[in-house]
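The numbers here are math on the coordinates, done by the rules we state, and not lab data. As the structure is a prediction and not an experimental result, all values here were calculated from the model. Cβ: placed from backbone, ideal geometry, glycine included. Neighbour counts: every protein chain shown.
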Amino acid sequence: MTDYKEEQANELEALQSIYPDEYEEISADPGEFTILIVPDEQDGDDTFAMKLHVKYTETYPDTLPEFSFDMEEGELDEEDFDIIMKKVTEAAEEAIGMGMVFSMASIAKDTLSEIIVNNKERREREEEEKAQRELEEEEKRKEGTRVTVELFTRWKTAFDSEMAEKERIEKGLKKDDPKMLKPTGRQLFERDHSLAKSDATFMEEGDVDVDIALFERELVITDDEDENENDVLRNIRSSD
């Protein structure tokens with residue numbers, strides 16, 4: 001018959017020797033105590049430490065002891081805490097029939113160290129990615145928008161429409177007002193004969209010699225519009 005009390009007493013003595021500063025007795029019978037667990041890995045100024053709280057059952061070590069963890073320093077996400085509990089429980093179940101508290105404390109310490117390292121690396125990676133995104137955004141702002149023919153055409157169309165609308169509003173004109181329509185070259189020509197005279201002036205100054213008779217020989221009256229154009233030309237010559 002197994003003497004559970006003796007096995008428990010032997011383990012308690014061993015634990016006090018292994019953890020002289022970390023072991024704290026709560027009760028001698030039944031055996032109840034805590035072990036302070038400080039991981040080898042820390043996260044800069046953020047320190048982590050936790051306590052393993054153990055209470056023997058009457059048939060320990062043939063059954064699992066009651067145990068729990070409490071954070072003494074630092075904070076863990078619930079997910080990380082669950083990872084520690086799962087690994088420690090698995091280690092305890094594999095050691096049923098023999099003293100298992102040392103294995104439980106060791107697994108908890110190693111797992112906590114891994115979590116700290118993983119969280120630190122993930123945070124550093126996220127910070128690097130954030131810095132890279134900010135750098136790329138800054139480069140885009142400096143570079144500006146690449147102008148293509150299509151983009152320029154769209155911009156020019158919108159700009160012209162905006163300017164025309166602004167002019168219409170300032171002058172109080174309607175969109176279909178004739179004043180908003182640009183005159184054709186012929187309309188400008190008929191409205192202001194000085195345009196033609198200015199060309200004639202250039203010719204008189206000797207820039208270019210042009211024989212208007214050459215143009216007259218090319219004129220063929222095919223309809224009323226052509227007749228009007230010839231009238232305009234004859235009027236210009238007579239005014240000279």
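Among residues of segment 15-33 that are small (Gly, Ala, Ser), those with a beta-carbon under 6 Å from a residue that is surrounded by 12 or more Cβ atoms within 10 Å (Cβ to Cβ) at least six positions away or on a different chain give the pairs Gly31/Gln8; Gly31/Leu12; Gly31/Tyr56.
Would you check if Ile116 is of a type in the set (A, V, I, L, M) and without any contact (Cβ under 8 Å) to a residue 24 or more places away in the chain? I'd like the intermediate steps shown before the answer.
On the way: of a type in the set (A, V, I, L, M): yes; without any contact (Cβ under 8 Å) to a residue 24 or more places away in the chain: no.
Taking the combined requirement at face value, the residue does not satisfy it.
From the list Phe81, Phe102, Phe69, the lone residue that is surrounded by 13 or more Cβ atoms within 10 Å (Cβ to Cβ), among the aromatic types (Phe, Trp, Tyr) and touching a residue at least 60 places away in the same chain (Cβ under 8 Å) is Phe102.
Residue check: Met98 meets all listed conditions (1) touching a helix residue (DSSP H, G or I) at 6+ places or on another chain (Cβ under 7 Å); (2) under 19 Å from Ala14 (Cβ atoms) but one, namely (1). In segment 149-165 there is no residue that is surrounded by fewer than 11 Cβ atoms within 10 Å (Cβ to Cβ) and closer than 27 Å to Ala49 by Cα.
Taking the condition of being in a helix (DSSP H, G or I), among the charged types (D, E, K, R) and farther than 30 Å from Thr2 by Cβ, how many residues in segment 66-109 meet it?
Start the filter on segment 66-109 by keeping residues that are in a helix (DSSP H, G or I), which leaves 78-94, 101-109.
Applying the additional criterion that residues be among the charged types (D, E, K, R) yields 78-80, 82, 86-87, 90, 93-94, 109.
Filter once more, keeping what is farther than 30 Å from Thr2 by Cβ: 78-80, 82.
Of the residues in that region, 4 qualify.
Looking at segment 1-57, which of the residues that are part of a strand (DSSP E or B) and among the hydroxyl-bearing types (Ser, Thr, Tyr) is surrounded by the most Cβ atoms within 10 Å (Cβ to Cβ)?
Keep residues of segment 1-57 that are part of a strand (DSSP E or B), which gives 23-27, 32-37, 43, 46, 49-55.
Remaining after also requiring among the hydroxyl-bearing types (Ser, Thr, Tyr): 23, 27, 34.
Values: Tyr23: 16, Ser27: 10, Thr34: 20.
Checked segment 1-57; the qualifying residue surrounded by the most Cβ atoms within 10 Å (Cβ to Cβ) is Thr34.
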